[in-house]
1. Kindly check whether there is at least one residue in the stretch 209-228 that is in a helix (DSSP H, G or I) and basic (Lys, Arg).
2. Which one of the conditions (1) outside the structural domain of Pro513 (by the TED database); (2) part of a loop (DSSP other than H, G, I, E, B); (3) under 30 Å from Lys428 (Cα atoms) does Asn324 fail to meet, given that it meets all the rest?
3. Among the residues of the stretch 234-245, how many are out of contact with any Cys (no Cβ under 9 Å at 6 or more places or on another chain), outside any loop (DSSP other than H, G, I, E, B) and either within 20 Å of Phe167 (Cβ to Cβ) or open to solvent by 30 Å² or more (accessible area, probe 1.4 Å) (or both)?
4. Mind checking whether some residue in the stretch 161-183 is assigned to a helix (DSSP H, G or I) and over 21 Å from Gly232 (Cβ atoms)?
5. Considering only the stretch 146-170, state which residues are open to solvent by less than 40 Å² (accessible area, probe 1.4 Å) and either acidic (Asp, Glu) or more than 20 Å from Arg208 (Cα to Cα) (or both).
6. Output the residue which, of all residues in the stretch 294-333 that are charged (D, E, K, R) and modelled with pLDDT under 90, is most open to solvent (accessible area, probe 1.4 Å).
7. In the stretch 390-419, which residues are in contact (Cβ under 8 Å) with a residue 12 or more places away in the chain and touching an Asp or Glu at 6+ places or on another chain (Cβ under 8 Å)?
8. Is it the case that some residue within the stretch 375-386 is within 32 Å of the chain's Cα centre (by Cα), closer than 30 Å to Leu527 by Cα and of a type in the set (Gly, Ala, Ser)?
Amino acid sequence: MSAECEMDHSYAMPNVVSYQYQNSKLPNDNSNTLLKKIQNVYANKLLNDITLVVGGISYPAHRFMLCISSDVFEVIYNAKTMLMNSTWSDSHQEVIELQEVQQCIEVFPVFLQYFYTGVITLEQSNIMPMLVLADKYNVKDLTTLCVEYMCEHIADAADQGQLVTWFQYVLSLNQPTTINASYYCKIWQDIECMEIKPPWNKLLKACRNYIKWNLDSCTKCFNTFQCDILVGLLKQSDVVVHDEMQLFGCVASWLNYQSAEKLLECNESDTIEDYMSSLTEHVMSYIRYPMILPRQMAQLLMVPVVKQNKDFFVDKMAAAMEYNLIKTEKRSDTEHILECTPRLYTCERWGNSFRVRTKVIQNYQSIKREIVTCSSLFDRERELNEESNWEIEMYLKGLCFGKAMLVSWRGSIEVPEVIIKTVRATIKMKLQPEDIGKVARHVRVAILVYAVQNKIVHVVTVVQKVVLFDTNQNLITIDDLMVYDAVNQPTTNEELIHINDTNVSYFMSDRVPLKFHVIITPIITGLTDTHVGTRIQHVHF
């Protein structure tokens, strides 16, 4: 890959964000005098009528403030709640002990103080236990603040090794009563988030898409995946990885971690060996071995997990080699069709990346790049020279259609100038004159759009489309690839326009160009999955 196509990941320590928020149930006084008095009552432990004991520490409090701040403590209609319901055994006691996990014990004083002050400081170190407390005691205002903070620090969470934990916690809160194998596959797909209510759906979608499209940035938290959720991820075709070998390495690392955890629970070597053998075969079955190049197969033989489960992997590797050795395509049944479907591989075999400096582009002017991709799905020696040439054209500054005359039998009509504010991409198959009418390409086109959150560059948008390029159609158009106003914005850092209501921008500064990556992979009917359609997905939308 050329220097122009390389990307520098700039990692920043997570920012400490203070949300100045006044609880909507606190009295509203323009002079803030009443609010200051309430804060003074808490600070000086005045007039308290209840004591909460958490982790052996006593916290004087007031029933009234607890009830107006937390739905768990509040009388709502005829619901039975903790403090105002006479049937509850502790309702008339002055001391109530609350059972919390250690992380929540540490942040509980800040959590309780929020009831009185309406102000809280959220940061990476306290966000998860604070969200757990807010959700447990149904403090809706604080829950919303926590979710907003998390959406604004998705990239930081991945860098700090917390993102998978965030994702799985949101899933645990929104799981249906009936769960089957298909559920763990659907949670990685866009349609599933529609069934989850706000604000959880926004956070779930942001976590899910960031993991799928920035897997190389999630290595610190990859080992914390639950098995079923990991298998659901491995079934997806829109996972962005360098190649299948990279994904194999991530899963091998996950298995090593599970083995170490199992060793802490059980010292019986035979039991651990049987458990890990079964787990390995289950999870590694979803690696797409035909997508691993034959020359890479030899490297697999040196991996410890392969040595320990040689029979299983030799069978998988032998079956994969068939696709690369035979000329006639081997057809897969429905159960195994995914193993011959490329993911969104960023290696040069399937596409390339390029950067664009918007300062040098005039209004309505386009920029062009050319890429070369492999035309065959498998790496067969006799087919190494089969390549496809593509022209990518980007309209970042909108489009302008000048005045024209529409001539018809009734007379001529003047068509006024039309300006369309959209970010458009076109993909054109380039053919030699002798190939016209003879060559067709059935492919999946994907465009990755990169953006920046807290100085961390990551994929923020993925476009996918299945297309048959031939003589009749050698070009496709995709509009609204990016947010027009966020691309065509002032160039100073202070005036950067975010893509949405989170702190995500296409620009880190006026000196950093936009980055795209175009991926084009072959489709073979009956062998590869074509269930992609046309869609534009965004991480933070």
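1. yes
2. (2)
3. Selection size over the stretch 234-245: 3.
4. There is no residue in the stretch 161-183 that is assigned to a helix (DSSP H, G or I) and over 21 Å from Gly232 (Cβ atoms).
5. Across the stretch 146-170, the qualifying residues are Asp156, Asp159.
6. Arg295
7. Trp390, Glu391, Ile392, Cys400, Phe401, Gly402, Lys403
8. Yes, there is a match, as at least one residue in the stretch 375-386 is within 32 Å of the chain's Cα centre (by Cα), closer than 30 Å to Leu527 by Cα and of a type in the set (Gly, Ala, Ser).
The values are calculated or read from the model by the stated rules, or taken from the named source; none is laboratory data. Just so it is clear, the model here is predicted, and its values are computed rather than measured. All Cβ positions, even for glycine, are placed from backbone atoms using ideal geometry, and neighbour counts span all protein chains on display. Surface areas here come from the heavy atoms of the whole protein model, side chains and all, with no ligands, DNA or RNA. Shrake-Rupley method; radii C 1.70, N 1.55, O 1.52, S 1.80 Å.
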